[in-house]
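Scroll down for the structure; my scribbles are underneath it.
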Amino acid sequence: MSQFTKVVLFTDANGRARFREETLALEQGSPQSRLSELFASGGYQLRTSPVGFRSQFHCSDYTQWVFILQGQMEIGIQGSVSRVFKPGEHFYSADLLPVGQTFDPTRHGHWSRQVGPDALITLFVRG
């Protein structure tokens, strides 16, 4: 059986952003072209971010896949932890503000920035 590793940016029980990896089975299709189940989506957006772009700490407004098409994107979370995603890589952004909480940038969320010499182009697919 083939598998796909899904990198997930999520909010833990304490309201902090974390990374984890999940495995999705690729059980459909043919031996030459393995497919996952068909997932619903709520549309997609393309974004370009210039060299030097960096956001402040924030939470995602909704769950979404983020695919890096060009350039590199670094995602940072509390505790000085970060990961860099390159073209062809992805993560599933589910770092949502816990219900009933007010956003606190010293506790919640993540930041993102463009890394390297090339502008960042990303594809966002809402979950």
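Since every read-out is calculated from the coordinates, none of them should be taken as a lab result. Here the structure is a predicted model, which means the values were calculated and not measured. A quick note on method: Cβ atoms are made from the backbone with ideal geometry, for glycine too, and the neighbour counts reach across all protein chains shown.
Label point 7 Å out from residue 24 along Cα-to-Cβ: which residues of segment 83-127 have amide N under 14 Å?
Output list for this probe position: 89-94, 124-127.
Work out how much length residue 62 to residue 104 would gain on full extension: take 0.36 nm times their residue separation and subtract the Cα-Cα distance, in nm to one decimal.
Numbers: separation 42, 0.36 × 42 = 15.12 nm, distance 1.78 nm.
13.3 nm is the gain from fully extending residue 62 to residue 104.
Using the Cα centre of the chain as the reference point, and only Cβ charges (+1 on K/R, -1 on D/E), how large is the resulting charge dipole? Debye, rounded to the nearest 20. Each step should come with its number before you reach the end.
Numbers: 12 positive and 11 negative charges, 45 e Å.
In total the dipole reaches around 220 debye.
If R₀ is 30 angstrom, what is the calculated FRET efficiency for the pair residue 12 and residue 33, using the beta carbon separation as r and rounding to 0.05?
Working: r = 36 Å, r/R0 = 1.20.
According to the calculation, E is roughly 0.25.
Taking every pair of Cα atoms in the chain, average 1/r, invert it to obtain the Kirkwood radius, and report Rg/Rh to two decimals.
Working: Rg = 15.5 Å, Rh = 15.6 Å.
Taking Rg over the Kirkwood Rh, I get 0.99.
Residue 70: net charge of surrounding residues, Cβ under 13 Å, Lys/Arg +1, Asp/Glu -1, itself excluded?
On the way: positive: 47, 86; negative: 89, 118.
So the environment of residue 70 carries a net charge of 0.
Ranked from highest to lowest mean number of other Cβ atoms within 10 Å per residue, what is the order of the peptides 95-105, 73-83?
Working: 95-105: 12.6, 73-83: 15.7.
Sorting 95-105, 73-83 by mean packing, highest first, produces 73-83, 95-105.
Pairs of Cα atoms under 8 Å, at least six residues apart: use those to get the relative contact order of the chain, whole percent. Mind showing how you got there, number by number?
Details: 310 pairs, mean separation 44.7, N = 127.
For the chain, the relative contact order is 35 percent.
Pulled fully out, how much extra length does the chain show between residue 4 and residue 40, if you take 0.36 nm times their separation in residues and subtract their Cα-Cα distance?
Values: separation 36, 0.36 × 36 = 12.96 nm, distance 1.73 nm.
Difference between extended and current length: 11.2 nm.
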